[in-house]
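Down below is the structure, laid out as structure tokens.
The values are calculated or read from the model by the stated rules, or taken from the named source; none is laboratory data. None of these values were measured; they are calculated from a predicted model. Quick reminder, even Gly has a Cβ in these numbers, built from the backbone with ideal geometry, and neighbours come from all protein chains shown. The area values use the complete protein model at the heavy-atom level, side chains included, leaving out ligands, DNA and RNA. Shrake-Rupley method; radii C 1.70, N 1.55, O 1.52, S 1.80 Å.
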Amino acid sequence: MAVEAPARAEARAPRRGGLRHRLAERGVDRVLLLLLPAVLVVALLFLYPMMYGVGLSLQPKDGGGPFGNYTGFFRDPYQRGTIWKTLRLALPAALINVGASVPIAYRLRGRFRGRGC
């Protein structure tokens, strides 16, 4: 007595699903798509002007190659003094801010009265 296996469907029906299902299969949540407008705004309002400015800085009017503006800037003693003055003011301020904020952040990690969780 021979036992036959049940017949299998040779061709499977193609999956039908909306955009939500197709994105979910690829691991993309629809809520993630809400980031797209924010990314576009950042690209248009920040990245484009920044890259445009970098492009202009690499095209010096007086010649000197693509870095002519930069070499002229760093060779000027007035500009060099301005850079050092800025660093002398900014570096201690940054270190004081980090030194004050790290203990506060460490303390806020623990439980305290009024904290929800």
message = Show me the ranking of peptides 59-69, 27-37 by mean Cβ neighbours inside 10 Å, starting with the highest.
response = 59-69, 27-37
task = Give the carbon-plus-sulfur fraction of the accessible surface of the stretch 29-95 in %, rounded to a whole number; probe 1.4 Å, heavy atoms of protein chains only.
result = 75
query = How fast does the stretch 14-117 diffuse by Stokes-Einstein, in µm²/s, taking the Kirkwood radius from C-alpha pairs at 20 °C and 1.002 mPa s?
reply = 106
query = Accessible area per residue, 1.4 Å probe, Å², for the stretch 16-117: what's the number?
reply = 93
message = Beyond 13 Å, how much of the Cα-Cα pair distribution for the stretch 40-87 remains, as a whole percent?
response = 65
task = Could you rank the peptides 78-86, 103-111 by their average count of other C-beta atoms within 10 Å per residue, with the highest value first?
result = 78-86, 103-111
